[in-house]
Amino acid sequence: MSSNSRTLSAIGEISRTETSVAFKRRFMKRLIFVLLGGTFLDGYILGIVGPVSARLTADLHISAFWEGLIAAGALFGILFGSPLGGWASDKYGRKPLFMVDMLVFVIASAAQFFVDSPLQLFVVRLLMGVAIGVEYSVGWPLMAEFAPARLRGMLMGALTMTWYGGFMVAFMVGYVLDQSTHLDWHVIIGSSTFIALIVAVARFGLPESPRWLWRQKRTTEARAIARRFIENAEDRADIEHEHTPTGDVGLGTLFSRRYWRATLFMSGFWFCAVTPYFAIGTFADSVLQKYGLSGGLAGGIGLSALALAGVAITVLLIEKVGRRTLTVPPQWLCTVVLAAIALWSSAPPAAVLALFLIFSFFNAGYNTRTSVYPGEVFPTEARGIGTGFAAAVSRVGAGLGTFLLPWSMSHIGASGTMLIAAGIAGLGAALSQWLAPETKGKSLSETAAGYTH
């Protein structure tokens with residue numbers, strides 16, 4: 001279809017379709033639902049493995065090497081899917097990638113019902129991770145580009161909340177089904193397929209991002225979609241304040257003078273925020289047992305529940321307190337907490353559990369900014385690939401942490417492992433102290449312009 005035909009079609013659609021405030025709010029609720037569904041699935045597929053790992057290991061005769069590799073498979077998939085999806089969404093649009101990634105996820109998730117070897121399970125979960133990686137680099141920019149400026153931080157933060165919710169629900173579902181039923185582990189880990197189907201169907205018919213269209217010089221279509229779907233007049237007007245350089249943005253460009261600060265901050269902050277939690281959270285049961293605690297459902301759910309509470313409170317406060325205040329101090333606190341766990345060798349089990357719960361709560365709180373900052377510090381022309389690259393770097397840390405934690409606990413010991421985690425948290429705190437911006441209440445054109453010039 002030619003550009004003129006697309007423009008006439010968009011204008012005609014406006015004249016035929018309801019554009020009331022109620023319609024726009026219904027659209028926003030639908031967009032929020034499908035985006036939250038994607039991050040819920042990410043947490044779910046990672047959390048579901050831990051509770052059935054013993055049965056899975058025995059059935060497939062999995063070695064310690066394969067156990068760590070399978071647990072980290074989805075994370076490594078995100079490593080490849082995020083930058084690829086980000087580049088494609090910046091070049092070809094958010095809308096087509098937004099559908100493809102969830103369809104790939106449905107197929108790969110369903111394949112879990114039929115795997116019969118460690119290699120097959122690893123490959124399937126790797127593909128699921130690729131789809132989730134695309135989700136980060138497409139869905140999150142979409143949320144940033146449609147969300148009202150006054151609620152953007154809260155809505156973007158809710159993406160992290162559903163990730164922790166998905167992880168907690170999966171851990172609970174997996175544990176209960178593993179302990180109380182005779183369901184095969186294939187069925188338990190494949191349960192993500194049913195959630196993915198609902199999310200995929202709900203995505204049909206969603207529009208393209210007007211900011212991406214404006215970037216492509218398709219200004220009439222951009223205005224038409226903005227008038228139809230965006231409620232606030234100031235948010236619609238801000239789209240026309242987009243002033244982006246010509247040409248495509250590639251991975252190398254992210255390190256240019258215009259983007260390097262955003263790239264360094266988001267990649268480093270995200271890496272240091274998620275690495276300790278992924279490692280500790282995925283193997284919560286075995287980690288807690290190393291410290292003389294009972295582990296099991298109470299310990300694993302306790303860590304996830306406190307994490308979810310930390311995100312929920314942060315989401316409620318982010319538009320009042322601001323981004324930076326909720327980012328920097330909690331990182332320093334988590335550094336101290338992990339160091340205390342590592343160095344307090346005579347601590348009673350109750351004190352160790354309390355420290356783990358404190359870490360889980362505050363770590364999750366500042367992890368919320370990993371879904372808020374990318375859409376704000378990267379401009380439209382680099383929002384997809386910038387988010388994707390930062391997500392990929394974070395999953396290097398999360399994947400390595402998940403893969404190496406069983407080995408580290410056995411060879412270095414619990415104290416040494418926690419000391420390494422404290423060092424990673426401290427590095428992230430120092431980076432945020434230097435580079436974390438305050439973006440509360442600013443439009444996307446303001447946040448990006450202030451961080452890339």
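Every read-out reported here was derived from the displayed coordinates using simple, explicitly stated rules and does not represent laboratory data. Just so you know, these numbers come straight off a predicted model, no measurement behind them. Cβ coordinates were reconstructed from backbone atoms using ideal geometry, including for glycine residues, and neighbour counts include every protein chain displayed.
Computed quantities for the displayed model
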{"quantity": "Per-selection Kirkwood Rh - the chain (Cα, Å, 1 d.p.)", "calculated": "22.2 Å"}
{"quantity": "Estimated FRET transfer efficiency (residue 100, residue 346; beta-carbon r; R0 45 Å; 0.05)", "calculated": "0.25"}
{"quantity": "Vicinal HN-Hα couplings computed from phi for the stretch 82-95 (Karplus, 6.51 cos²θ - 1.76 cosθ + 1.60; Hz; Gly/Pro x)", "calculated": "5, x, 5, x, x, 4, 5, 6, 5, 8, 10, x, 6, 4"}
{"quantity": "Estimated [θ] at 222 nm from DSSP helical runs (n ≥ 4, -39500 (n - 2.57)) normalised by residues in the chain, nearest 500", "calculated": "-26500 deg cm²/dmol"}
{"quantity": "Ranked list, fewest to most other Cβ atoms within 10 Å of each Cβ, for 394, 408", "calculated": "408, 394"}
{"quantity": "Karplus-derived 3J(HN,Hα), 6.51/-1.76/1.60, for each residue of the stretch 368-385, Hz, glycine and proline x", "calculated": "4, 6, 5, 9, 9, 4, x, x, 9, 8, 9, x, 4, 5, 10, 5, x, 5"}
{"quantity": "Sorted largest first, extent of the stretch 335-453 alpha carbons per principal axis (Å)", "calculated": "52, 27, 20"}
{"quantity": "For 164, 92, 259, order by how many other beta-carbon atoms lie within 10 Å, fewest first", "calculated": "92, 259, 164"}
{"quantity": "Computed magnitude of the charge dipole of the stretch 184-247 (debye, nearest 20; Cβ of K, R +1, Cβ of D, E -1)", "calculated": "280 debye"}
{"quantity": "Backbone HN-Hα couplings from phi across the stretch 42-55 [Karplus 6.51/-1.76/1.60, Hz, Gly and Pro as x]", "calculated": "4, x, 5, 5, 7, x, 6, 6, x, x, 9, 4, 5, 5"}
{"quantity": "The stretch 131-254: relative contact order in percent, alpha carbon pairs under 8 Å with at least 6 residues between", "calculated": "22 percent"}
{"quantity": "Residue among 147, 57, 253 farthest towards the positive dipole end of the chain, charges placed on Cβ", "calculated": "147"}
{"quantity": "Efficiency of FRET from Cβ geometry, residue 411 and residue 25, R₀ 60 Å, rounded to 0.05", "calculated": "0.65"}
{"quantity": "Sorted by Cβ density within 10 Å, fewest first, the residues 319, 145, 234", "calculated": "234, 319, 145"}
{"quantity": "Pair residue 183, residue 320: separation of 7 Å Cα→Cβ label points (nm)", "calculated": "3.9 nm"}
{"quantity": "Förster radius 45 Å - calculated FRET efficiency between residue 54 and residue 261, Cβ distance, rounded to 0.05", "calculated": "0.50"}
{"quantity": "Of 95/320; 217/320; 95/217; 217/440; 91/320, those spanning more than 26 Å from alpha-carbon to alpha-carbon", "calculated": "95/320; 217/320; 217/440; 91/320"}
{"quantity": "Positive-end extreme of charge dipole, the stretch 65-220 - chosen from 206, 107, 131 (charges on Cβ)", "calculated": "206"}
{"quantity": "Rounded to the nearest 20 debye, dipole of the chain from Cβ charges on Lys, Arg, Asp, Glu", "calculated": "1180 debye"}
{"quantity": "Potential extension, residue 419-residue 63 segment - 0.36 nm per residue separation minus Cα distance", "calculated": "125.5 nm"}
